[in-house]
Amino acid sequence: APELRRTRTRSVCCYCGVGCGVLIDAEHGPDGSRIVGIEGDPEHPANRGRLCTKGRSLPQTASSLSGRLLAPELRHLRQETRRPVDWALALDTVADRLAGIVQQHGPDAVAFYISGQLLTEDYYVFNKLAKGLLGTNNIDTNSRLCMSSAVSGYKLALGADGPPTCYEDLELAKTVLFAGSNMAYAHPVLFRRLEAARERDAEVRWIVIDPRRTDTAAMADLHLQIQPGTDVALFNGMLHHLIWEGRVDAAFIAAHTEGYAELKQLLRDYTPRMAAELCGIAVADLIQAADWFGRDVAALSLYCMGLNQSAHGTDKNLALIHLHLATGQIGKPGAGPFSLTGQPNAMGGREVGGMATMLAAHREIGNDADRAELESLWGLPGHSLSAKPGLSAVALFEALRSGRVKAVWIACTNPVHSMPDIGQVREALQQAEYVIVQEAFRNTDTVPYADVLLPAASWGEKDGSVTNSERRISRVRAAVPAPGQARPDWWIANEVARRLEARLGPPGVAPLFAFDGPAQIFDEHRRLTVGRDHDIGGLDYPRLDRQGPQQWPFPAGAAQGLARRYGDGVFATANGRARFHPTPYRPVAEATSARFPLRLLTGRLRDQWHGMSRSGRVPGAFAHSPEPGLRMQPQDAARRGLAQGDLVKVISKRGELVLPLELSDEVASGTVFAAMHWSGQFLSSGGINEVSQPAVDARSLQPELKHAAVRVEKA
Ligand code: SF4
């Protein structure tokens, strides 16, 4: 038998923001290469060798070519079937169509919708293509659905994006406040670290704030089962209690913050009793939570989509950060507000500015000096970067639907599953003049809308880097070559950009897209960060290979990155002071009514990921939750004449879908829950976003995917 060569490659899990290090085992023989095994990397500081069920099953998602896109495909007319073509024809066609649309309608007629699952280098090239070459800021990502409210909260309160904390704080915290995070499911490896820390220390207290009794909530010392969307009232009530009990850190407030007096004035109204009534919880429980938070021990908050996916997500983030600022629980071991990133590289995408509301290296679109600096760094003529904010996710698809945007390039994401109110997204893609979809998998809900389909390399086949939830940059490495004609995402964007540069004329003196690989892209990216809050001038691939994953900032001359930010009490604002913002409680965007009397909550299952294009390929991933379902409290079901297993219609103002009913005490009376993962691939009636609603937070522009008013009827 021909001999097989075996390799072991150090890389990172592609699923979530924990960013676990992995060792990928591959076999290479005369019939090609394949990934055959995985282990947690014992040397990676995020996971120290551990992996969760999703991470452990990655080889099963990578070993089969069934369902993979292996060649570019295109069609000239919508009613035609796409046919396979070679790369040269696909790339030339895309460049011709985009150049034509830009010449006829201007650069803002083109938009990009990319992904927090792209590598930093992929993101960098897309962002430079949109903003540097075409001159449009119409590039947004599915990170808008994930972390934008956390970003707004950090920037407004602390002056800069990114958490002040690190994973080591999980083991040092004495009070742990989980807000809108089912961490046992969504960030399991970090949750195990917390569990181990609690087993070692009887002083540790867990408070979980969640309208649903999740597995995380079931393990808490105190579960505050609040009414959906009332988080701000709760945080305000907790801070009221601490202020009027004299338990805030007056010296820290005076030395390091501003805006406290205005906030205190607002909080006068938020007595614990008033706040507890709004939240639908016992006043004693609110006071207990505040007392544990205000103990003279380290307090850490861990929060996720329950705060972010809200029409008031920025306020929710701010109100939680206020608790930390007022008690001085920030910048020291075991303490601070810690947003848990949903996607594996949402943070890396923001570092390169790959969103509609920011520029590269945490620069601002509306800041003249920031634009001028970036023009100089990219070798562009003055005033060539657009000062007009681009279209964020929801607005982008609305503009496609109305015809303002003519062409969209979607990469590594499935908006026909993940966007709110997907009926409108389908309409937008039908209306669009030109739809480019760049994907690894053939069966996503978005692929049927593609006029051109570009096959992308996937996990285990790509080189680059990602940044995890604690600001740690890790190298991602290819264990096997990409199958068929699939290519890395950066390469596809770079090839189209080079052709566009030829057709439209280069904006600068030197070509913008002469990249020959991810190392060169990373080098250009890091040069742009020098002097910025996330300066990584001291990091390059050789150093990451030598020293392993590193946290930012890591400026030139540093021996290591910074584990914890703001330890000196100096924040990233212009005057160095953190800022309190008045945060009045406002209700959810869509109130219940006689026609839509139930509150629909959405969330994750333990072993599935997003729209299941990857995890749905693993039979074992269905063992924990084999079927979709709508969870409803037994008494609510009985009142409607419904029983376990009945097929029910979930109906909102926007659409409907059919699900089997699951009786469950995890939801309170008046609320129902459905998982976000099941999509049109698995359900004839489409996924839960048939009924979700697109109201967005005014500052973060993140939609309220977590809550909608619905009614439930027997199907
Ligand atoms: Fe992958 Fe996240 Fe699981 Fe780690 S915790 S193995 S990064 S899915």
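Some notes on this structure:
- Residues of the stretch 672-689 classified as surrounded by fewer than 23 Cβ atoms within 10 Å (Cβ to Cβ) and outside any loop (DSSP other than H, G, I, E, B), total: 2
- Any hit, the stretch 120-134, residues being in contact (Cβ under 8 Å) with a residue 40 or more places away in the chain and in contact with a Lys or Arg (Cβ under 7 Å, 6 or more places away or on another chain): no
- Scanning the stretch 407-461 for residues that are over 21 Å from the mean Cα position of the chain (by Cα) and assigned to a strand (DSSP E or B) turns up Ala407, Tyr434, Val435, Ile436, Val452, Leu453, Leu454, Pro455.
- Just one of the listed residues (Arg6, Arg48, Arg78) is part of a loop (DSSP other than H, G, I, E, B), away from the ligand (no atom under 14 Å from the Cβ) and among the basic types (Lys, Arg), and it is Arg78.
- The criterion of at least 2 residues that are closer than 21 Å to Glu470 by Cβ is met, among helices (runs of 4 or more DSSP H) falling completely within the stretch 297-406, by 305-308, 313-327, 346-351.
- Residue selected from the stretch 26-42 under the condition away from the ligand (no atom under 16 Å from the Cβ) and in a strand (DSSP E or B), by the criterion surrounded by the most Cβ atoms within 10 Å (Cβ to Cβ): Ala26
- Hits in the stretch 684-715 (condition: under 24 Å from Gly641 (Cα atoms) and either modelled with pLDDT of 95 or more or aliphatic (A, V, I, L, M) (or both)): Ile688, Val691, Ala708, Ala709, Val710, Arg711, Val712, Glu713, Lys714, Ala715
- Filter result (part of a loop (DSSP other than H, G, I, E, B), in contact with a helix residue (DSSP H, G or I) (Cβ under 7 Å, 6 or more places away or on another chain) and of a type in the set (Val, Ile, Thr)) within the stretch 506-565: Ile536
- Entry remark, the stretch 466-496: residues being part of a helix (DSSP H, G or I) and hydrophobic (A, V, I, L, M, F, W, C) number 5 in total.
- If you check Leu177, Leu170, Leu194 for being within 16 Å of the ligand (Cβ to nearest atom) and either over 17 Å from Lys332 (Cβ atoms) or not in a helix (DSSP H, G or I) (or both), only one passes: Leu194.
- Matching entry among Ala675, Ala623, Ala638 (being modelled with pLDDT of 95 or more and closer than 29 Å to Ala218 by Cα): Ala638
- Residue count for the stretch 197-218, restricted to those that are without any contact (Cβ under 8 Å) to a residue 60 or more places away in the chain, within 24 Å of Leu605 (Cβ to Cβ) and either more than 25 Å from the chain's Cα centre (by Cα) or part of a loop (DSSP other than H, G, I, E, B) (or both): 1
- Positions within the stretch 606-628 being of a type outside the set (Asp, Glu), surrounded by fewer than 20 Cβ atoms within 10 Å (Cβ to Cβ) and assigned to a loop (DSSP other than H, G, I, E, B), in sequence order: Arg606, Ala623, His624, Ser625, Pro626
The values are calculated or read from the model by the stated rules, or taken from the named source; none is laboratory data. Because the structure is a prediction, the values reported are computed rather than measured. All Cβ positions, glycine included, derive from the backbone under ideal geometry; neighbour counts span all protein chains shown.
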